[in-house]
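As structure tokens, the structure follows; a few thoughts come after it.
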Amino acid sequence: MAIWQLFFKRKKVSGKMEAKIKWIAKLNINPNHVTLLAIPLALIAAYFIIQQDFIFGFVFVALAILMDFIDGSIARASNKVSDFGNYLDAVTDKIVEGIIYLGFVFINPFFAFIAFFFSMIEAYAKPRLAIVMKIDNS
């Protein structure tokens, strides 16, 4: 589960967002570019977090999260859904999480480590569970 899923229910929000995103899909924007835009936004967020300017840090974290919502909606609305895009989105989510945790390392290294540690465990546990479930269901 990505960091933003703690605060939002993705499917409910994504469904409502897709109806509003259709006009962006008409601009022929590559959804993978939207996905990658989250990385510089996370870097800016980390900078503000390091500076302990948490309001701007939050704004840029929110913008990075918004890119994660928008990219899939654009892909579906423009019929550009791909396995590569799905993979890129998942990897980018983890990169963004790591960048944000890095910002917190300068404020409280222990809690940043704990957050990163559990994020890493989650990234392993979810696909591992999928493998186990397939074995048990066969």
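Where a number appears in this text, it was derived from the coordinates with a stated rule and is not lab data. What you see is a predicted model; the values in this text were computed from it and never measured.
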* Asked: Taking the alpha carbon gyration tensor of the stretch 30-80, what are the square roots of 5 times its eigenvalues, largest first, to the nearest whole Å?
  -> 26, 9, 4
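Using the alpha carbons of the stretch 54-98, what is the convex hull volume per residue in cubic angstrom, as a whole number? Spell out each step's value before the answer.
Values: hull volume 2.2 nm³, N = 45.
Per-residue hull volume (Cα only) is 49 Å³.
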* So what are the three principal axis dimensions of the stretch 58-130 from its Cα atoms, in whole Å, longest to shortest? -> 44, 34, 13
